[in-house]
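Nothing in this text is a laboratory measurement; each read-out follows from the coordinates by a stated rule. Remember, it's a predicted structure, so these values are computed and weren't measured experimentally. Here the Cβ is made from the backbone with ideal geometry for all residues, glycine too, and neighbour counts use every protein chain on show.
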Amino acid sequence: MTEHVDRSEPEAAVPSATAAVTPADAADAARLVAFGLQPKLQPARDQEYTDLLRRYREDPPFARLADAVAAGLGLVVLEVSPRAGMAVTAAEDSVFAVRMGDYARRTSADGSDRFLHGLAHLAVAAMAFPRPEDLADDGYIGRVTVNGVDAFVRQACRRLEERADEQGENTDPATDAPGLEAAWRIWVRRSATGATKDARRLAGSTTGIVGKAAAFLTDSGFLQRTGDDNGGTYRTTARYQLQVRDMAGSAAMAELLELGVVPVTDGTATLLPAEETDDLELVADAGLPFHSAGAS
């Protein structure tokens, strides 16, 4: 006997896997991405931003829509959270990408100085988060100073010079040679502060270059200035931690850290005795938060 099925009752409605996207949804998603492009804006200080972040976390279709808007603009979403907001970084082909050449032109840097500006950014990142556990800890706050970063780079330069001497390498190559080996030679020849009639540091000095890097990172929402000691003191933001975490696997970052950075909390710098490792090289124009393409 076949069981009778009453088909007169309407079947329960099954929610669509992909609900229709309304213009209002698209506008909200774009608004959230726009907030993410304002790196100094703190979610806790803007109710609309906070509400959109909550919607992103609680409404998966909206989250996918916001991710799609970001991807269409050439942005990579690093994290969406109350602490970091919608943290995004620009892909290499994004209109929002900042390139080392563009940054160098803003600072009137010539070809050799581009190495120094890239090395300054790399050194700030290495000093801010010297250990893997620092990058993994969301509550960790790194601290750097302009003079501390310069001291760190100069100590790293001395270590690289010792290696070159030990291996019998030419210690005076052309200043436009690529890589870290050329960068340290240019750095050590450059005055740390320079001199002006009113005792200000010169923009082309090494502390001037580090100061430019710190100011750029501050304007970009990666650092917060906390004082004027030691050439300027800074603390890291959640966005900067995410940015450095995103590039921590790069060869340039790893190789600089292999020189032996001592974890510090006051922004000063020192080096551990370095173990014997392979030669260090830095990809031309490597540095945060830049892309190397278009730097010529």
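What to note about this one:
- Here the spin labels are modelled as points 7 Å beyond Cα on the Cα-Cβ line, and at Arg131 and Phe96 they lie 3.3 nm apart.
- Diffusion coefficient, µm² s⁻¹, Stokes-Einstein with Kirkwood Rh over alpha-carbon pairs of segment 109-153 at 25 °C and 0.890 mPa s: 213
- With Cα atoms as the point set, the radius of gyration and Dmax of segment 22-82 evaluate to 10.6, 30 Å.
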